[in-house]
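Participant: One structure coming up, written as structure tokens, with questions to follow.
Readers should treat all values here as calculations from the given coordinates under stated rules, not as data from a laboratory. Because the structure is a prediction, the values reported are computed rather than measured. In this analysis, Cβ positions are derived from the backbone assuming ideal geometry, glycine residues included, and neighbour counts consider all displayed protein chains.
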Amino acid sequence: MAQKPFRITLSIGEVVGDYSILKLIGRGGYGDIYKVREIHSKTNYAMKIEEIENERQGLLQEKEVIQRLNSKCFPQIIEYGENYVNRYLVQELCGPSFSAMRKFLPDGHFSLSTVLRIGIEMLKAIRKLHNAGYIHRDIKPSNFLIRPNKKHPVALIDFGLCYQYKDFETGQYIDYESTLEKKSDNQYLTYEDFDQRRYVGTPRYMSLNAHGGKEPGRVDDLYSWFYSLIEIFRGCLPWARFVNIEDIKEVKMRIDGTILAQGMPHQMTSIFRVIRRMNLEDDPDYDLITSFLVDAMKSIGAKWDDPYEWEVMDISSISSIPFMYDPNDVSKKIPENLPEPVLPSVEVSNNIPEILPRQISEGKFQSKETGQIQCQITEQRTRRRSYNENNEDVEMVVQQSKNYNYYTNRRGSTKRPLNIPRF
């Protein structure tokens with residue numbers, strides 16, 4: 001894993017523009033994030049800083065993206081500036097990320113009620129980003145921050161890897177290959193030197209399409225969103241133990257939505273099927289996916305006014321802002337314009353074959369992406385399904401094997417075990 005480049009950390013009390021540094025709150029691949037205080041108003045903000053010598057103008061791109069979005073689903077911009085050393089972007093100061101909050105929780109995961117509700121809020125932010133003409137390409141729990149706001153509890157951040165897929169004036173789709181070759185004044189809006197860095201995003205959450213370094217689509221953000229929900233509910237993803245990006249890809253290829261969503265409402269499996277059906281250029285049916293989540297809430301008796309974990313816990317040790325709610329605020333947490341519930345016949349349709357190996361004996365099978373895979377199985381694993389006249393799952397019997405050992409024999413590599421974890 002590549003190490004982050006060395007950067008000089010600013011000292012507490014150092015002044016940048018009209019802002020005094022209070023503390024370092026985060027480090028990224030291209031810059032640092034500080035909690036700062038405006039000298040005159042004494043108001044606290046977040047300040048992102050990158051070195052002026054950095055040719056990849058990530059902060060300038062981030063400023064333009066957020067300004068174009070102009071939505072409370074994203075941090076509000078206060079000021080952008082430059083000096084002889086740094087570029088800096090001052091933003092609204094939010095609370096901890098979902099990733100930091102999950103690790104703070106005693107059990108290491110959120111409740112199902114919280115996951116379903118913030119899943120809707122996360123999807124709403126992704127939808128606004130897509131509608132504005134951008135694909136995020138790095139959707140993950142650490143890029144969603146918590147706010148002490150009932151109507152807007154979530155903020156999507158970090159637009160340094162954003163890809164503009166649609167022309168703002170014409171609304172036409174931009175040819176991806178041309179963005180890799182074109183050098184213009186707006187070069188910072190494209191992903192430069194793409195061939196030198198095959199993968200864009202965080203391997204743990206990226207789609208199989210992103211693993212292949214292919215043209216990004218809105219569906220790739222939805223895969224990352226789905227994986228994020230699984231992680232914050234379970235506490236980890238089944239490929240979390242792997243470091244090698246090809247191993248991560250292999251496990252993703254073997255585990256389908258039914259396995260990922262075990263212990264969650266069946267609507268989560270339906271969501272995964274919807275995402276898998278999407279082609280690169282397809283407009284995601286956000287309303288359909290949202291309706292699955294709303295229906296899942298009803299199935300477990302979750303209510304919009306259920307307290308979030310951060311509302312009932314002292315999180316001052318991980319939060320840069322106090323989480324105090326106005327006792328006179330009677331506004332509800334229910335998002336506006338929720339879609340109608342989905343029809344059962346739509347929800348349960350399943351025309352996509354499983355990709356998890358099943359009903360196979362000890363031996364070998366072939367994969368186009370990874371070459372020959374040897375699978376050693378200690379027990380037989382079977383899956384049986386029956387359906388009623390509405391094509392609904394009415395029974396599923398799974399006999400789980402005790403141990404799977406996968407060995408890759410890719411050209412140029414030695415035989416090595418790939419132990420896929422079981423939930």
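Participant: My understanding is that a pair violates if its Cα-Cα distance is over 25 Å; which of Lys23/Lys150; Lys72/Lys166; Lys128/Lys151; Lys128/Lys214; Lys252/Lys303; Lys23/Lys63 do that in this structure?
Facilitator: Over 25 Å Cα-Cα: Lys23/Lys150; Lys252/Lys303.
Participant: OK, next. Determine the shape class of the range 15-91: with a ≥ b ≥ c the square roots of the Cα gyration tensor eigenvalues, call it rounded for a/c under 1.5, and otherwise prolate if a/b is greater than b/c, oblate otherwise.
Facilitator: It comes out oblate by the Cα gyration axes.
Participant: Defining a contact as two alpha carbons under 8 Å apart and six or more residues distant in sequence, what relative contact order in percent does the range 1-89 show?
Facilitator: So the answer I get is 20 percent.
Participant: Could I ask something else about it? So what's Rg/Rh here for the range 89-138, counting alpha carbon atoms and using the Kirkwood radius for Rh?
Facilitator: The Rg/Rh ratio comes out at 1.05.
Participant: Tell me the label-point distance for the pair Glu246, Arg277, using the 7 Å Cα-to-Cβ offset, in nm and rounded to one decimal.
Facilitator: The answer from the label model is 3.5 nm.
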